[in-house]
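Visitor: The structure under discussion is supplied below as structure tokens; questions concerning it will follow.
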């Protein structure tokens, strides 16, 4: 079936999922921290829009609250906090030399294919649209992990962590039109607390190893010294 | 139902109270008082459930049945005894100048926060809230792991935060899939309530549930400390303050396993095959064997016992995965005795480390000669955790072995081998620590070993004869989980 024949909601969600997935790939190959944070904010904005579209099309007012929460948390608060940290550490001019950039990107593509494979059994119960959107959200989760593996800066790890949350949130919106309100509030609360804790941690890591390079957190291991 | 709300309200008040008043001289005692209230309330709740069966709160937001009620009592009990230990211990750490009053304020406030998260995980009927509370438990404890602010402890806390955060995100994806499967058969308002899902489990789409369970097992499995997702656990246990190690090992791991078992019950209802169980068996056995081997090369006493925790969590996961009444009964018993023994051991280890001034296994020597109570406590605790009769761990491990020989005889040698390796690994390190010459300048410290004595006495009691009401309780829980009575 062609995409033009679908209703507005389906078209919107499909385009959104494509853009959300694209944003994840953009983050994956990004070596500059400020740009990474900017792309993350864009992904948050895309989520906010998707939620608002879902709220409007499905006449589900509680989704407006979720959209508002996303806007405040993921588009404004977390990027603002991370940006402030980067500027405070004067890391905004550094470019992180990513090792094996090509390999990481190929790996990302592989993970996307893998997500489609994993969610294949869901096809019987859902429209193709739903499967596409679910698979994209799973790949956003997996790409977030890949981002954490391939980057060394603690700030990039937090962005990866939060983009995993983005993927989960997107899955909840497209697959089930949002979780029950109480759960969504709980998740938002956890994300908020996690963001604040990350801020505290940056301070601690900085004072302890004088850098935010997590490769230098290597004192505890099972290797004989 | 009042008891349930009181159970959740007590730690909530505790968080606020400690955050507002800050650290005073009697804060440690007050912390114990809050936990005592929690414990008494949990006992009242247990008696009620024992008499009238499963309880629901209005709107079914909370559920207390025979499975979780005994875990609630266990959580409250270990929380109480650990808090009794933690008061003087933390005061001593403050005297040594390791901690400031501000950090102690954080410590006590978050101790209550952790208790609240644990109670919420156990009592909630909503699978989404269970996730939220589980993540809340990570958030509450992450700053406690880095309480000493040493580079090592910050590294440990960062690892804990990132690994558990990312891990548990998988469980949320699993929960979303579960919700997705549930919305297709009924109203969306109650579709995440465990009791509703359980009732309609046979109508849920089994393919989706299978996928969902994989994500849940990975997610909550990270918190159980299943190999290969266990890397955070030894670090967090060894670098955080000792009372935290005791509650992490004794409570958090159990409650994460509880979450997995609740999900397994749903998946078992929906699917014909035993995919969920086999996955758990595989992960459990792998964790058990790998952790037993790792015991041999540990240099830090708290790392040593955290690997022992991974090993025992592996046994429980394996037994729950095997299913069947006998294995389930054994797993429930093992959860109880492991919690009691392991928290007792961590309490003794804390004292031993304060006595020797180090956590290094090679430097702790002559404990029995310096202070017999600590030395014997550690020795008896280790004997108990290694699975010697007449302690309760022996009983439960024996039952697991028995069930294995019934259902999967070819796995029994692996279990025996693992138990043997773990035993050798533990005693290789413990024996020179408790015996051996006293190093110069080592003198007895003020130690409160009542929690240890009570815990070990209970474990001994459970090993000799399980009291009737408790056996009845385990049987009811077994009936609920596996579908048939154990005896």
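The values are calculated or read from the model by the stated rules, or taken from the named source; none is laboratory data. Since the structure is predicted, the reported quantities are computational estimates derived from the model, not experimental observations. Heads up, the Cβs are rebuilt from the backbone with ideal geometry, glycines too, and the neighbour counts pull from every protein chain shown.
Visitor: Taking residue A:143, is it buried (at least 23 other Cβ atoms within 10 Å of the Cβ), in contact (Cβ under 8 Å) with a residue 40 or more places away in the chain and either more than 10 Å from chain B (Cβ to nearest Cβ) or within 21 Å of the chain's Cα centre (by Cα) (or both)? Show your work before the answer.
Guide: On the way: buried (at least 23 other Cβ atoms within 10 Å of the Cβ): yes; in contact (Cβ under 8 Å) with a residue 40 or more places away in the chain: yes; either more than 10 Å from chain B (Cβ to nearest Cβ) or within 21 Å of the chain's Cα centre (by Cα) (or both): yes.
Yes: the conditions hold for residue A:143.
Visitor: Among the residues in the stretch A:65-82, are any over 17 Å from the mean Cα position of the chain (by Cα) and crowded, with 17+ Cβ neighbours inside 10 Å?
Guide: no
Visitor: Quick one: which of B:24, B:40 is closer than 30 Å to residue B:475 by Cβ and free of Cβ contacts under 8 Å to residues at least 12 places away in the same chain?
Guide: Working: B:24 fails: closer than 30 Å to residue B:475 by Cβ.
Among B:24, B:40, only B:40 is closer than 30 Å to residue B:475 by Cβ and free of Cβ contacts under 8 Å to residues at least 12 places away in the same chain.
Visitor: For the stretch A:15-33, give me the residue count where each residue is in contact (Cβ under 8 Å) with a residue 12 or more places away in the chain, over 17 Å from residue A:141 (Cα atoms) and surrounded by fewer than 18 Cβ atoms within 10 Å (Cβ to Cβ). Give the steps one after another, and end with the answer.
Guide: So in the stretch A:15-33, the residues in contact (Cβ under 8 Å) with a residue 12 or more places away in the chain come out as A:16-21, A:23-29, A:31-33.
When the remaining residues are screened for being over 17 Å from residue A:141 (Cα atoms), the result is A:31-33.
Pick out the ones that are also surrounded by fewer than 18 Cβ atoms within 10 Å (Cβ to Cβ) and you get A:31-32.
Residues flagged as in contact (Cβ under 8 Å) with a residue 12 or more places away in the chain, over 17 Å from residue A:141 (Cα atoms) and surrounded by fewer than 18 Cβ atoms within 10 Å (Cβ to Cβ) within the stretch A:15-33 amount to 2.
Visitor: Answer yes or no as to whether residue B:208 is within 26 Å of residue B:116 (Cβ to Cβ), crowded, with 22+ Cβ neighbours inside 10 Å and either out of contact with any strand residue (DSSP E or B) (no Cβ under 6 Å at 6 or more places or on another chain) or more than 10 Å from chain A (Cβ to nearest Cβ) (or both). Let's see the steps before the verdict.
Guide: On the way: within 26 Å of residue B:116 (Cβ to Cβ): no; crowded, with 22+ Cβ neighbours inside 10 Å: yes; either out of contact with any strand residue (DSSP E or B) (no Cβ under 6 Å at 6 or more places or on another chain) or more than 10 Å from chain A (Cβ to nearest Cβ) (or both): yes.
No: the conditions fail for residue B:208.
Visitor: Just one of A:129, A:95 is in contact (Cβ under 8 Å) with a residue 12 or more places away in the chain, crowded, with 16+ Cβ neighbours inside 10 Å and more than 11 Å from chain B (Cβ to nearest Cβ); which is it?
Guide: Values: A:95 fails: crowded, with 16+ Cβ neighbours inside 10 Å.
Selected residue: A:129, the only one of A:129, A:95 that is in contact (Cβ under 8 Å) with a residue 12 or more places away in the chain, crowded, with 16+ Cβ neighbours inside 10 Å and more than 11 Å from chain B (Cβ to nearest Cβ).
Yes or no, residue by residue, for (1) at pLDDT 90 or above; (2) more than 24 Å from the chain's Cα centre (by Cα); (3) under 24 Å from residue B:262 (Cβ atoms):
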residue: B:26; (1), (2), (3): no, yes, no
residue: B:36; (1), (2), (3): yes, no, no
residue: B:44; (1), (2), (3): yes, no, yes
residue: B:50; (1), (2), (3): no, no, yes
residue: B:57; (1), (2), (3): no, yes, yes
residue: B:66; (1), (2), (3): no, no, yes
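Visitor: Are there helices (runs of 4 or more DSSP H) fully within the stretch B:212-288 with at least 3 residues that are within 14 Å of chain A (Cβ to nearest Cβ) and touching a helix residue (DSSP H, G or I) at 6+ places or on another chain (Cβ under 9 Å)? List them.
Guide: Hits in the stretch B:212-288: B:232-239.
Visitor: Any residue in the stretch A:103-117 that is more than 10 Å from every other protein chain (Cβ to nearest Cβ) and either modelled with pLDDT under 85 or closer than 22 Å to residue A:212 by Cβ (or both)?
Guide: Step one: of the stretch A:103-117, the residues more than 10 Å from every other protein chain (Cβ to nearest Cβ) are A:103-117.
Next, only the ones that are either modelled with pLDDT under 85 or closer than 22 Å to residue A:212 by Cβ (or both) stay: A:104.
For the stretch A:103-117, residues more than 10 Å from every other protein chain (Cβ to nearest Cβ) and either modelled with pLDDT under 85 or closer than 22 Å to residue A:212 by Cβ (or both): present.
Visitor: Separate question: Kindly provide the set of residues from the stretch A:198-218 that are free of Cβ contacts under 8 Å to residues at least 60 places away in the same chain and either on the phi > 0 side of the Ramachandran plot or surrounded by fewer than 17 Cβ atoms within 10 Å (Cβ to Cβ) (or both), ordered by number.
Guide: A:200, A:203, A:207, A:210, A:211, A:216, A:218
Visitor: Please go through the stretch B:152-202 and pick out each residue that is without any contact (Cβ under 8 Å) to a residue 40 or more places away in the chain, surrounded by fewer than 18 Cβ atoms within 10 Å (Cβ to Cβ) and either in a helix (DSSP H, G or I) or more than 8 Å from chain A (Cβ to nearest Cβ) (or both).
Guide: B:183, B:185, B:186, B:187, B:199, B:200
Visitor: Which of the helices (runs of 4 or more DSSP H) found entirely inside the stretch B:391-472 contain at least 1 residues meeting this: touching a residue at least 40 places away in the same chain (Cβ under 8 Å), out of contact with any helix residue (DSSP H, G or I) (no Cβ under 9 Å at 6 or more places or on another chain) and under 29 Å from residue B:303 (Cβ atoms)? Don't jump to the end; show me each part of the working.
Guide: Details: elements: B:392-407, B:412-434, B:450-464.
Output list reads B:412-434.
Visitor: Count, please, the residues in the stretch A:146-175 that happen to be over 18 Å from residue A:115 (Cα atoms), at the interface with chain B (Cβ under 8 Å from one of its Cβ atoms) and modelled with pLDDT under 90.
Guide: Final tally of qualifying residues: 1.
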